[in-house]
1. Would you be able to say whether some residue in region 209-217 is more than 19 Å from the chain's Cα centre (by Cα) and within 25 Å of LEU370 (Cα to Cα)?
2. Just the residues that are buried (at least 19 other Cβ atoms within 10 Å of the Cβ) and either touching an Asp or Glu at 6+ places or on another chain (Cβ under 8 Å) or assigned to a helix (DSSP H, G or I) (or both), please, taken from region 131-148.
3. Exactly one of (1) in contact with a helix residue (DSSP H, G or I) (Cβ under 8 Å, 6 or more places away or on another chain); (2) part of a loop (DSSP other than H, G, I, E, B); (3) surrounded by 14 or more Cβ atoms within 10 Å (Cβ to Cβ) is unmet by GLN99. Its number?
4. Output the residue which, of all residues in region 304-341 that are among the basic types (Lys, Arg) and surrounded by 13 or more Cβ atoms within 10 Å (Cβ to Cβ), is nearest to the chain's Cα centre (by Cα).
5. Go through the residues of region 177-193 one by one and say whether even a single one is more than 30 Å from ARG217 (Cα to Cα) and under 25 Å from the mean Cα position of the chain (by Cα).
6. So LYS245 clears everything in (1) closer than 16 Å to LEU363 by Cα; (2) modelled with pLDDT under 90; (3) of a type outside the set (A, V, I, L, M, F, W, C) except one condition, right? Which one?
7. Could you check region 1-53 and list, in sequence order, the residues that are among the β-branched types (Val, Ile, Thr) and either in contact with a Ser or Thr (Cβ under 7 Å, 6 or more places away or on another chain) or assigned to a loop (DSSP other than H, G, I, E, B) (or both)?
8. Evaluate the following for ARG217: is it in contact (Cβ under 8 Å) with a residue 12 or more places away in the chain and touching a strand residue (DSSP E or B) at 6+ places or on another chain (Cβ under 7 Å)?
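The values are calculated or read from the model by the stated rules, or taken from the named source; none is laboratory data. Bear in mind that the values here come from a model prediction, so they are computed numbers and not experimental data. Here Cβ is always computed from backbone atoms with ideal geometry, including for glycine, and neighbour counts include all displayed protein chains.
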Amino acid sequence: MGSLYRRKDSAYWWVAFIDAAGKQRCVSSKSEDEAVARKLLQAVERKVAAEKESGLAPSGPITVERYADKWLQERRERGIASADDDEGRLRHALPKLGQLELSAVRPRHVRDVMRALKKSGKLAPRTQLHVYGVLRVMFADAVTEELLEQSPCTLKTRRQELPEKRDKDPLWRATAVYSREEVVALISDKRVPEDRRILYAIVFLAGTRIGEAGALRWSRYEQEARPLGRLAVAKSFNEKMKAEKGTKKENPRLVPVHLILAKVLAVWRAEGWERVMGRPPTEEDLIIPAREGGYRRGRQVLKQLHQDCRELGLRPRRTHDARRTLISLARADGARKDILRWITHGPPKEIMEDYTTFPWEALCEEIAKLRIQLPVREESTVQATAEYYGNTTFPAGTKKPPSFRNLGALLEWRRRESNPPPGGGFSGRRKPGGSRRRQCTSTSYSAGMGGTV
């Protein structure tokens, strides 16, 4: 326990206490008010207790570097996926902050670190902000542990103490997207191995992250859902932890399966999976396992993507650009961004979204707006598609189902087939002196492996 006392040579109250290393310390409260001095004593005693609990005090002063090592170790033990990234970002700050005592760090020290990073020109502004973000979280945790009274991370962008969030090359992001023709090539070109074509189909048409796609199992694919099949994206494979974890920000979501993706997965499950893995798939098998078994690694996928791009004469890009491509092309085709966000990122963390649940048909309609045209195959896909939609026959005299321009047309076509008008055939206006006009007149079929949806 500490104590308060007065000194003959000072008008202030002084605080005497035993620090975490067992040494007696005396400090001035810089106040003539005993109540103020007593509050300081209580704060000092709480800090000493926290230092003892941390286990760092017996080895000497708790420096930023020593606390950072302990902080990173605890994050790994708690299963924080970004722990390795946090360590890499702290390396940019520790040369200037590492030897300072944790309690001695002031906002000006953090400001000097950020100025030095900006002056070096080695890190993009976005990366500089990541470094500051890690420092802010680490010092906030130190405040929670009562090792600090307040965090020194008080910098503001509006005061130009932090950079604006932007890329090092402002023009780069505009090129981080694939064209429709490039998407088609990666999904359908026979020069790309079959299992990788399936992976590309999932990330381009369902908008999943690579870790999310790698953790998908057949049991999480509800093929019978209507009007479109449904993927439950609730897990992600973390390459560093070598285990499944929750999705980013723990925000699971249901993703409608685009008609093209549905056909690709149907063929893959019926024939392709067994061709690659040597046995039929079970419900608990991964949809796209690595050929040697287990999960696909993100770095391996990126390397293979670059190989496939070069083989097809395409410019290599990141795997994450597949998500940007889906969002960009779907919005260009008229998809609503607020609903599309539910599909690609899950419900936003806003109060109104807690009271919102979009009907499944609304989600399907937005994903179905994406127009992708695959090469027409020689084999007929009419029967396969009829089975997929639960129909065994098509209208008399119709050799191929109509082309579905959007989900509304699909739903309307299914409704008319399920409830044919009296006398059979399609409902519609009657031409003067003639038979009823067919409302679905397209003669090209495109809901299978080939065609436009």
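1. The answer is no; no qualifying residue exists.
2. VAL131, TYR132, VAL134, LEU135, MET138, PHE139, ALA142, LEU147
3. So GLN99 meets the others, but not (3).
4. Among them, the one singled out is ARG323.
5. No, there is no match, as no residue in region 177-193 is more than 30 Å from ARG217 (Cα to Cα) and under 25 Å from the mean Cα position of the chain (by Cα).
6. Unmet for LYS245, out of (1) closer than 16 Å to LEU363 by Cα; (2) modelled with pLDDT under 90; (3) of a type outside the set (A, V, I, L, M, F, W, C): (1).
7. Across region 1-53, the qualifying residues are VAL15, VAL36.
8. So ARG217 fits the description; yes.
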